[in-house]
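Contents: one structure, followed by commentary.
The values are calculated or read from the model by the stated rules, or taken from the named source; none is laboratory data. In this text, all values refer to a predicted model and were calculated from it rather than measured experimentally. Accessible surface is based on the protein model in full, side chains and every heavy atom, while ligands, DNA and RNA are left aside. Shrake-Rupley method; radii C 1.70, N 1.55, O 1.52, S 1.80 Å.
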Amino acid sequence: LLMWSQATESLTNIAVTSGADVNISCDLDIKEIYWYKHKSPDPPVLILRTFDRISEGAEYENSIFKDKYSVKTNSRLFIRNITNDELGVYYCVKTSEPQKFSNGTKIYIS
């Protein structure tokens, strides 16, 4: 996470209504990625990891995320029924070295 500040340079903003479902695309052209959520002032939270083989699906950092987050193809994060808890900036990160961060996607209530 030493490179975290570099990822905040370019954000895509997505306005949502409370209770909506949202798809976030990863702009890194790779299959094995980590998805993070960053909500200031808290540190980034790892949500899940995807794998090259689609049959494996995702590995969740915490089982509570399974009700909210899923992967629609390896590069798209699906968020179900948005509440204030899911607002923040989302990043996908390449799992292999050197780590590379996507541009961030900021979710906010319109």
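Just one of (i) 14.5; (ii) 14.9; (iii) 14.0 is Kirkwood radius over Cα pairs in Å as worked out from the coordinates here. Which one is it?
So the calculated entry is the one marked (iii).
Return the sequence-ordered ³J(HN,Hα) values of segment 64-69 in whole Hz as given by the Karplus equation 6.51 cos²θ - 1.76 cosθ + 1.60 applied to θ = phi - 60°, using x for Gly and Pro.
5, 6, 5, 6, 9, 10
Take the solvent-accessible surface of the protein heavy atoms, probe 1.4 Å, and return the percent of it on the chain that carbon and sulfur atoms account for.
Accessible surface attributable to carbon and sulfur in the chain totals 47 percent.
For Leu46 and Asp27, compute 0.36 nm times the residue count separating them, minus their Cα-Cα distance, and round to one decimal in nm.
5.1 nm
Can you sort Glu61, Glu32, Glu97 by solvent-accessible area, 1.4 Å probe, largest first?
So the residues, ranked largest to smallest area, are Glu97, Glu61, Glu32.
Express the accessible area of the chain per residue in Å², computed with a 1.4 Å probe while the remaining protein chains stay in the model.
That works out to 58 Å² for each residue.
Check which residues have an amide H placed less than 5 Å from Thr12's amide H, if you skip close sequence neighbours.
Amide H neighbours of Thr12: Gly104, Thr105, Lys106.
If you find the alpha carbon centre of segment 19-40 and of segment 89-110, how far apart are they in angstrom?
Segment 19-40 and segment 89-110 have Cα centres separated by 6 Å.
Could you please put Leu46, Leu28 in sequence from largest to smallest accessible area, using a 1.4 Å probe?
Heavy-atom accessible area, descending, gives Leu46, Leu28.
Ordered by residue, what ³J(HN,Hα) values in Hz, to whole numbers, does segment 18-27 give under the Karplus form 6.51 cos²θ - 1.76 cosθ + 1.60, where θ = phi - 60° and Gly and Pro are x?
Per residue, the Karplus-derived 3J(HN,Hα) values read 4, x, 6, 9, 9, 10, 10, 8, 9, 8 Hz.
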